[in-house]
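A.B. asks: Sharing a structure here in structure tokens format.
The values are calculated or read from the model by the stated rules, or taken from the named source; none is laboratory data. None of these values were measured; they are calculated from a predicted model. Glycine also receives a Cβ, built like all others from the backbone with ideal geometry; neighbour counts cover every protein chain displayed. For the accessible areas, the whole protein counts, side chains as well, though only heavy atoms, and no ligand, DNA or RNA atoms are used. Shrake-Rupley method; radii C 1.70, N 1.55, O 1.52, S 1.80 Å.
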Amino acid sequence: MESGSWHIEKRDISRSESFGRDVDNAPETGCLSIVVLGASGDLAKKKTFPALYHLFLQGFLPSEEVHIFGYARTKISDDELRNRIRGYLITDKSASTEHLDNVTKFLELVKYVSGSYDSEEGFQLLDKEIAKHELSKNSVEGSSRRLFYLALPPSVYPSVCKMIRHNCMNKSDLGGWTRIVVEKPFGKDLESAEQLSSQIGQLFDEPQIYRIDHYLGKELVQNLLVLRFANRFFLPLWNRDNIDNVQIVFREDFGTEGRGGYFDEYGIIRDIIQNHLLQVLCLVAMEKPVSLKPEHIRDEKVKVLQSVLPIKDEEVVLGQYEAYRDDPTVPDHSNTPTFATVVLRIHNERWEGVPFILKAGKALNSRKAEIRVQFKDVPGDIFKCMASDLQNSGKKQGRNEFVIRLQPSEAMYMKLTVKQPGLEMLTVQSELDLSYRQRYQGVTIPEAYERLILDTIRGDQQHFVRRDELKAAWEIFTPLLHRIDDGEKKPLPYKPGSRGPEAADELLAKAGYVQTHGYIWIPPTL
């Protein structure tokens, strides 16, 4: 999102409406301190601070109530941190004077504290600075709120959480709170994730812990519950009687781009499939929750994960693009997959026999993320021989599909068969299309991090991962990951810019996916 493209209507947003209220109608509370730990790192500069800036622009972080603290080991001044952040907030060289003024006002809220992640001295200094801010805002002791965003490697979570618990907690007897946000990857397998959860769980209660997965903040992912449960025509179709298969796809057209050393520790399954794509699967497959309360929604997601059958080796294809090991930070004999297609099967009444195909890869021929729900063939199809461009090819024209495109060019469209205009009775594939940029002109779609940080401030855990949900997700993938780590399952080579290993397309065909020939969805132009 281009910072220079923001045109925001000034609104009078009351505090109860805009921020700081728990979802259960919590009482009015005092000032808010947001602490970004790892403030000098890439994640903080590229994602966290820009998200906070955009919330500030929209009136959700009023300057009279909010202060933002950066904390890291790097010894720099307040102004040095502000200058590092500034370049990520002003991405348009022709930015307006108003935009530049807004950036300056936001950066005035940012203060920097330097310290170690495992010594009390730095966190005591941080606590002193936060308390000074709270005192300046005349907050009653126990009414203030403290949000700690850990933009850090998981290895330091336990020590940082211990330092926060012992040195930086806010009293909560007058409506105040202390919350922590932790980034993925949360562990590397079931054992390490459970150990991490246990260590943090000894210091904080579950309602204080927000395990962030930014995919849950994406506009089209958030739309899934509305689509499924607010539209009558989906309700009778959304089951094994009508749906043949479901694909959830993440494709990137670039490789590890200098992150080879980091990526090699995790691989595509840990990095993308076990968290992002599995979260999307839960929303596609879950039953209707009792209500929209966060715990009711998360209960249904856990039930889906607990119903997933063990992954079969023959329903997994791994790949590694050919230039991957040329990266000097990647071991010469790395077995880490940069591509994976995995078929999951859900053993319950709604989805028995329907393959859920999770597919993710780097250095492929396109960049996109989408959900593709493919319906079964029309029984007794009387038009099957009338496809205009495929009559003599012997290929099937294609099935009805409902596609939700998460990025880029956010859209939802339904692929259906229609008569080709003209004198002859020939059929073609077309679509009913809802493209967001065309339909919602002038509406800025918020970045996922903006929404999720605001949810954290409001105390809404609906779009965050609960501990038992995390455990269930790791239980699905840990056996496969251990076989890869031990070298029992090896990735196939594929050329950068391709669709991935050919075996992946063969697996899709075996799972029942029918590719549509002669049809390409083109995003509508404004």
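A.B. asks: Filter segment 455-468 down to residues that are in contact with a helix residue (DSSP H, G or I) (Cβ under 6 Å, 6 or more places away or on another chain) and either closer than 26 Å to Glu322 by Cα or surrounded by 21 or more Cβ atoms within 10 Å (Cβ to Cβ) (or both), then give me how many there are.
C.D. replies: Residues meeting the conditions: 2.
A.B. asks: Criterion first (of a type in the set (Phe, Trp, Tyr) and under 14 Å from the mean Cα position of the chain (by Cα)) does Phe233 satisfy it?
C.D. replies: no
A.B. asks: Considering each residue of segment 429-445, count those that are open to solvent by 30 Å² or more (accessible area, probe 1.4 Å) and either touching a helix residue (DSSP H, G or I) at 6+ places or on another chain (Cβ under 7 Å) or among the small types (Gly, Ala, Ser) (or both), and give that number.
C.D. replies: Residues in segment 429-445 being open to solvent by 30 Å² or more (accessible area, probe 1.4 Å) and either touching a helix residue (DSSP H, G or I) at 6+ places or on another chain (Cβ under 7 Å) or among the small types (Gly, Ala, Ser) (or both): 3 in total.
A.B. asks: Out of segment 471-510, which residues are surrounded by fewer than 18 Cβ atoms within 10 Å (Cβ to Cβ), in a helix (DSSP H, G or I) and in contact with a strand residue (DSSP E or B) (Cβ under 6 Å, 6 or more places away or on another chain)?
C.D. replies: Ala503, the sole residue that qualifies.
A.B. asks: Moving to a separate point now. Specify the residue that is nearest to the chain's Cα centre (by Cα); the eligible residues are those in segment 163-183 that are surrounded by fewer than 19 Cβ atoms within 10 Å (Cβ to Cβ) and outside any loop (DSSP other than H, G, I, E, B).
C.D. replies: Arg165
Every residue, every condition in (1) over 22 Å from Gln279 (Cβ atoms); (2) touching a Lys or Arg at 6+ places or on another chain (Cβ under 8 Å); (3) not small (Gly, Ala, Ser), yes or no:
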position	(1), (2), (3)
Asp326	yes, no, yes
Pro337	no, no, yes
Ala340	no, yes, no
Arg345	no, no, yes
Ile357	no, no, yes
Ala363	yes, no, no
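A.B. asks: Let me spell it out: the conditions are (1) surrounded by 15 or more Cβ atoms within 10 Å (Cβ to Cβ); (2) assigned to a helix (DSSP H, G or I), and Tyr513 meets all of them except one. Which number is the exception?
C.D. replies: So the condition that Tyr513 fails would be (2).
A.B. asks: A further question follows. Looking only at segment 320-364, which residues are part of a strand (DSSP E or B), over 23 Å from Ser498 (Cα atoms) and over 23 Å from the mean Cα position of the chain (by Cα)?
C.D. replies: none
A.B. asks: What number of residues within segment 224-238 are open to solvent by 30 Å² or more (accessible area, probe 1.4 Å) and in a loop (DSSP other than H, G, I, E, B)?
C.D. replies: 7
A.B. asks: Still on this model: Of all residues in segment 476-523, count the ones that are on the phi > 0 side of the Ramachandran plot and of a type in the set (D, E, K, R).
C.D. replies: Residues meeting the conditions: 0.
A.B. asks: Here's a follow-up. Condition check: among the small types (Gly, Ala, Ser) and either surrounded by fewer than 18 Cβ atoms within 10 Å (Cβ to Cβ) or within 18 Å of Arg165 (Cβ to Cβ) (or both). Does Ser143 satisfy that?
C.D. replies: Judged against the criteria, Ser143 is not a match.
Here's the yes/no breakdown for (1) part of a helix (DSSP H, G or I); (2) open to solvent by 20 Å² or more (accessible area, probe 1.4 Å); (3) among the β-branched types (Val, Ile, Thr):
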site: Pro185; (1), (2), (3): no, no, no
site: Ser197; (1), (2), (3): yes, no, no
site: Leu203; (1), (2), (3): no, yes, no
site: Leu216; (1), (2), (3): yes, no, no
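A.B. asks: Starting from residues that are under 18 Å from Leu454 (Cα atoms) and among the acidic types (Asp, Glu), keep the ones in segment 61-101 and report whichever is surrounded by the most Cβ atoms within 10 Å (Cβ to Cβ).
C.D. replies: Glu65
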